[in-house]
Amino acid sequence: MGTQGTYSIAVLPGDGIGPEVTEQAVHVLQAIAQQYGHSFHFQYGLVGLAAIEAEGKAISDETLAVCQGSDAILFGAVGGAQPGAAVKPEEALFRLRKGLQFFANLRPVRPSPAMLDASSIKPEILQGVDLIVVRELTGGLYYGHLEPGVPGKPSEIRETPQGYEAIDTLLYTEAEIERIVRVAFDLARERRKKVTSVDKANVLSSSVLWRRVAERVSKDYPDVAFEHLLVDACAMHLIRRPASFDVIVTENLFGDILTDEASMLAGSMGMLPSASLGTRRTEHGIFGLYEPIHGSAPDIAGQNKANPIAAILTAAMLLRHSLGLKEEAATIEAAVEQCIQAGYRTEDLREEGKEILGTKEMGQRIAEKVVALAGSHTV
Ligand code: NAD
């Protein structure tokens, strides 16, 4: 048995289906705590519409401070109907990402072997797909200056005698590239030891620097296979030979587009977790923000219909990356896979001959499976 520990987790359920799926992720974490003898200290905070109503901000300074003091943050989803609202619920996410410097966004895609038919891609192409996209999250085109006239990194629409023109700035420093590329190589060492760095070095200066830095960093990881790929070729190969990828690392905009493309390999939004990692190391791992990739899904909120698997797999990522609990993370992932193999589905995955469960019931089955799988660890 591994060491038993005490960990603090900030829990921000948010809006819509956020609280429903987060509740199930917390149940599964409680099952892990019970089986492995850990103590998880959950501290709840409001974000999104709930926080705007109660505290006037999408996330209060107090909640941010609680997050900062924790080992990891478990986030549900924010957003929903808010006609004419001055404060946007999504500001909670931007404040968290920027304020806590979460620069590395990790999105694993590993379609369940029992669900290959749910994707729009042919099952034989999906066989063996197990990849992770590492997207740079705090630099590049998204962080130009939005106020006209601020020098340095312009991002604006301006009027000229010939008509309007617009400009965005794609700026990366060597240090920003190096730290994200290192995240990718460190991850690859714990996986199948292959990194694909994606750029547009045939056209963009920022990509030429990206390639140069990635090449230099790769020399520190002689045990990891390394390749460069142009972003257009990568978009094609993600559909043509997705099983050949292990870790893909890329800049902000390319990552935004490629992660949505890659998510379709897994069939449903309700299945996919994500992690955003920062610069701070905790006693146990890297401080991070963990959230399912889906939103608050107001169309199905409050009906016990949401698929909690993305949130539960998000909790597994939290254990692996921020708490250093790899075996426990693998137990959750195995429990999810076995429930899918046993034929349990939520409404979004409806299939002929499968048993349809509600959010709570699916969470309950997965927690029970965790207990069964980790049985030998009971303290
Ligand atoms: P969405 O992800 O909330 O929903 C898209 C579709 O997928 C809906 O039909 C929904 O019912 C379905 N869906 C999503 N998650 C599901 C799950 N776990 N189980 C079953 N079905 C699921 O995206 P949207 O409808 O474009 O946005 C709704 C709100 O969420 C908006 O306010 C948007 O701004 C916000 N949003 C928030 C985040 C976030 O918090 N990180 C991300 C994306 C969107």
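The values are calculated or read from the model by the stated rules, or taken from the named source; none is laboratory data. This structure is a prediction, so every number in the text was calculated from the model and none was measured. Reconstructed Cβ throughout: ideal geometry from the backbone, glycine too, with neighbour counts over all protein chains shown.
Would a scan of the range 256-279 turn up a residue that is acidic (Asp, Glu), touching a residue at least 40 places away in the same chain (Cβ under 8 Å) and more than 11 Å from the ligand (Cβ to nearest atom)? Yes; the residues of the range 256-279 include at least one that is acidic (Asp, Glu), touching a residue at least 40 places away in the same chain (Cβ under 8 Å) and more than 11 Å from the ligand (Cβ to nearest atom). Each residue in the range 117-165 was checked for being assigned to a loop (DSSP other than H, G, I, E, B) and hydrophobic (A, V, I, L, M, F, W, C), and 5 pass. Before we move on, is residue 31 assigned to a helix (DSSP H, G or I), surrounded by fewer than 16 Cβ atoms within 10 Å (Cβ to Cβ) and under 23 Å from the mean Cα position of the chain (by Cα)? It is false that residue 31 is assigned to a helix (DSSP H, G or I), surrounded by fewer than 16 Cβ atoms within 10 Å (Cβ to Cβ) and under 23 Å from the mean Cα position of the chain (by Cα).
Here residue 59 meets each of (1) among the β-branched types (Val, Ile, Thr); (2) outside any loop (DSSP other than H, G, I, E, B); (3) touching a strand residue (DSSP E or B) at 6+ places or on another chain (Cβ under 9 Å); (4) more than 10 Å from the ligand (Cβ to nearest atom) with one exception, condition (2).
Among the conditions (1) at negative phi; (2) assigned to a loop (DSSP other than H, G, I, E, B); (3) surrounded by 19 or more Cβ atoms within 10 Å (Cβ to Cβ), residue 4 misses just one, which is (3).
Checking each residue in the range 125-138 for being under 29 Å from residue 241 (Cα atoms), surrounded by 17 or more Cβ atoms within 10 Å (Cβ to Cβ) and either under 17 Å from the mean Cα position of the chain (by Cα) or at pLDDT below 90 (or both) picks out 131, 132, 133, 134, 135, 136, 137.
Looking only at residues of the range 198-250 that are under 16 Å from residue 175 (Cα atoms) and among the aliphatic types (A, V, I, L, M), we find that the one that is surrounded by the fewest Cβ atoms within 10 Å (Cβ to Cβ) is 208. For beta carbons closer than 9 Å, sequence separation of 6+ or different chains, a first residue in the range 291-311 that is farther than 22 Å from residue 73 by Cα and a second that is among the basic types (Lys, Arg), the qualifying pairs are 304/360. Suppose the filter is within 16 Å of the ligand (Cβ to nearest atom), closer than 30 Å to residue 349 by Cα and of a type outside the set (A, V, I, L, M); does residue 128 pass it? Here the answer is no, as residue 128 does not meet what is asked.
Scan the range 38-53 and give yes if some residue there is of a type outside the set (A, V, I, L, M), in a helix (DSSP H, G or I) and either touching a helix residue (DSSP H, G or I) at 6+ places or on another chain (Cβ under 8 Å) or touching a residue at least 24 places away in the same chain (Cβ under 8 Å) (or both), otherwise no. No, that holds for no residue.
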